[in-house]
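First comes the structure, then the notes that go with it.
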Amino acid sequence: MKLLILERDGTINHEGDPFITSAEDWAPLPGALDAIAQLNHAGFHVVIASNQPGLGRGLIDVATLNTIHSRMHKMLAAVGAKVDAVFYCPHTAEDGCTCRKPLPGLFEQIGERYGLDLHGVAACGDNLEHLLAAQAADQPERAATTSASAPAAVEPMRQPYCDIPEPTPSW
Ligand SMILES: [Zn+2]
C-alpha cells in the first residue's frame, strides 16, 4: 500500500489567522486538490496528520472541525480526489501529549490504523515539524534526540518539505 501523509494547514489549504475556525475559512491552496487527485491516480492513499491546538485552546470544537473536514472532502471529491482520513492532535504545547508534531504519535496512530510499518513512508508538509514527526515514526530510536532538537531547527519556509520515496509523483 502506498501511503502519503500530508499536513493540512499551509499545505492543502491557506493558513488560518491563527487557526481555521469555520468551514467558510477553509480555502484550498491553488493546485493542491488536483495534486491530491494525481497522487490518488498514482496509487497513493492520502491521509492528513495535523496539529489543531485551536481545539485545546477552546477556539474551535470537534463538531466544527468535522464541518470543516466535510467541506474539504466535498471539494476534494469535486475534482476526483480523496483523503482517506484526518488524524489530528487536539492538544496545546503545554499539554505534554505524545501526538503533537514533531513528536511521532499521530504518525504512529496512522501506522496502527493501516497496519503499516512507517519505514520510508511518504510525508509532505509546509513545516519542518511534519517531516520531523515522519522521521521520528520512521526511526523510533532517533525520536528522542529529534524531538529535543526540533524547536531550534524549525524555521519559516516557502516550499513544502517532502520526503517521498520513488516513484516521485508530480506535485
Ligand atoms: Zn496531542
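Bear in mind that the values in this text are calculations on the coordinates, not laboratory data. These figures come from a predicted structure and were not determined experimentally. For neighbour counting, all protein chains shown are included, and Cβ atoms are generated from backbone atoms with ideal geometry for every residue, glycine included.
So the values come out like this:
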| item | result |
| --- | --- |
| Sole exception among (1) over 14 Å from the mean Cα position of the chain (by Cα); (2) more than 15 Å from the ligand (Cβ to nearest atom); (3) under 19 Å from T11 (Cβ atoms) for A63, by number | (3) |
| Within region 98-107, tally of residues that are in contact with a Phe, Trp or Tyr (Cβ under 7 Å, 6 or more places away or on another chain) and either surrounded by fewer than 21 Cβ atoms within 10 Å (Cβ to Cβ) or of a type in the set (F, W, Y) (or both) | 0 |
| One residue from I110, I20 being within 13 Å of R8 (Cα to Cα), buried (at least 16 other Cβ atoms within 10 Å of the Cβ) and β-branched (V, I, T) | I20 |
| Verdict on L3 being surrounded by 14 or more Cβ atoms within 10 Å (Cβ to Cβ), away from the ligand (no atom under 16 Å from the Cβ) and under 17 Å from C124 (Cα atoms) | yes |
| Residues (within 8 Å of the ligand (Cβ to nearest atom), out of contact with any strand residue (DSSP E or B) (no Cβ under 8 Å at 6 or more places or on another chain) and either outside any loop (DSSP other than H, G, I, E, B) or farther than 19 Å from G56 by Cβ (or both)) located in region 78-111 | D95 |
| Residue pairs meeting the criteria (Cβ under 9 Å; at least 6 apart or on separate chains; first farther than 21 Å from L59 by Cβ, in region 25-37; second polar (S, T, N, Q)) | P28/N13; L29/T11; L29/N13; A32/T11; A32/N13; A35/S170 |
| Every residue from region 61-86 that is surrounded by 19 or more Cβ atoms within 10 Å (Cβ to Cβ) and farther than 11 Å from A23 by Cβ | L76, A81, V83 |
